[in-house]
Amino acid sequence: MKSPGSLVTLFLFFLTMLTVPAHQVDSVELEFLRTDGKWKLEGLLDIAYMLPETRGVEGAPPLYRDAVMNAPKTEHDRILREAENTMRKLLSLKCNGEELKWEIRFPDFESEPLVLPPETGDWALMNAEITTDEKPGPGKLEAFWHDDQESELIIIIEEGENLGLLSISSGMSGEILVLEAPIAGEVAPASKTPSSAAQSESWIISGYRHVIPLGLDHLLFIFGLFLLAPRWKPLMSQSLLFTLAHSITLALAIFGIISLPSILIEILIAASIAWIGIENLLLKDLKPSRLYLVFGFGLLHGMGFASVLREKLGDLSGKQIAIPLISFNVGVELAQITVLACAFLLLLPLRKWTKQFQTAGSVFVALAGLFWMGERILAAL
């Protein structure tokens, strides 16, 4: 009769094969502005992400800039119609709990001939402007993001010398402005950008989500660490060291100090998972060399996370980037602790089969890493 550990491993292995691991998720980045009694959100949208036939479709190709610019007017009209419909499903704005009506325009399509913004990969992007009337204070202006594709809404808010940067996950809201009571004779009420605590919270959630549920490869690496020595003290040391390491390369990559092709990084990350699984099978107990290995692989995984944050934070200064960067890594660490806690709960009823659980789990980790490595190598060819 098969042990429970073998059955759990078999189930998890097939579950993993059906899931595509990746750190990268879709995001929409908008800047918040105030002009002439209006509140405005403006930024670039990926046209393919706005259209029903490509949005959220696994393996759907991007739309290319030249192809969209050379398309007939009927296709341009359809793109505008579908993009507005999509944004109205995704975004809602509220002031003091009251939903605001907003208008949207796509200025690129108002000129002849159509010229879309240039992009490194030649993907089709377009400018969007969303406007609504300012409301008097006191109170707060909030954005709600209703996506079902695990995307994020990034909002940049600049009020005088203050800058706010929010990451709003699917199904959540973010506080754009805190409005004070209007002063007699002033056109608009005084306001404040989101507090450091509000900004930190939004980026902690973002970091957590990039491991659970979006970063299956990262999750599996932590599970591999657990399998060799399921004891809290050494595991917390490894987890913190891993977070420190990927914080370093994450920062260096965002500032453009280091850069490697993303496909190479993904292949190496898969190899690191396979390595951990194989080493678990060869070692009888935790050795000091594992700490050096964890730190080295943490540096590697940090470059994987950089693909998520580079586009969102790449134009910001060192001071402006501090809150998102630190908070994102706090979220990642909390997710890693969650993975370890769940692993202990999974092991609890299987204590008498601990050794079999460790062996079967390590085989699973090694096979999954090898599978992903082969898959990514083939994708690179």
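The values are calculated or read from the model by the stated rules, or taken from the named source; none is laboratory data. In this text the structure is predicted, and so the values were computed from the model without any measurement. So basically every Cβ, Gly included, is an ideal-geometry build from the backbone, and we count neighbours across all protein chains shown.
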*Residue tally, condition at pLDDT 90 or above and either assigned to a loop (DSSP other than H, G, I, E, B) or within 18 Å of Arg55 (Cβ to Cβ) (or both), over the stretch 93-112*: 5
*How many residues does the stretch 141-168 hold that are farther than 21 Å from Arg105 by Cα and surrounded by fewer than 18 Cβ atoms within 10 Å (Cβ to Cβ)?*
9
*asked:* Considering only residues that are over 18 Å from the mean Cα position of the chain (by Cα) and modelled with pLDDT of 90 or more, which ones fall in the stretch 315-337?
replied: Ile337
*part of a loop (DSSP other than H, G, I, E, B), among the aliphatic types (A, V, I, L, M) and in the same structural domain as Met303 (by TED's automatic domain parsing) - does that describe any residue in the stretch 225-232?*
yes
*Within the stretch 59-68, is there a residue that is modelled with pLDDT of 95 or more, within 20 Å of Asp147 (Cα to Cα) and within 28 Å of the chain's Cα centre (by Cα)?*
no
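Just to be sure I understand, how many residues within the stretch 87-137 are in contact with a Pro (Cβ under 6 Å, 6 or more places away or on another chain) and surrounded by fewer than 15 Cβ atoms within 10 Å (Cβ to Cβ)?
If we filter the stretch 87-137 for residues that are in contact with a Pro (Cβ under 6 Å, 6 or more places away or on another chain), which is where we start, we get 123, 125, 127, 136-137.
Filter again for surrounded by fewer than 15 Cβ atoms within 10 Å (Cβ to Cβ), leaving 136.
The qualifying residues number 1.
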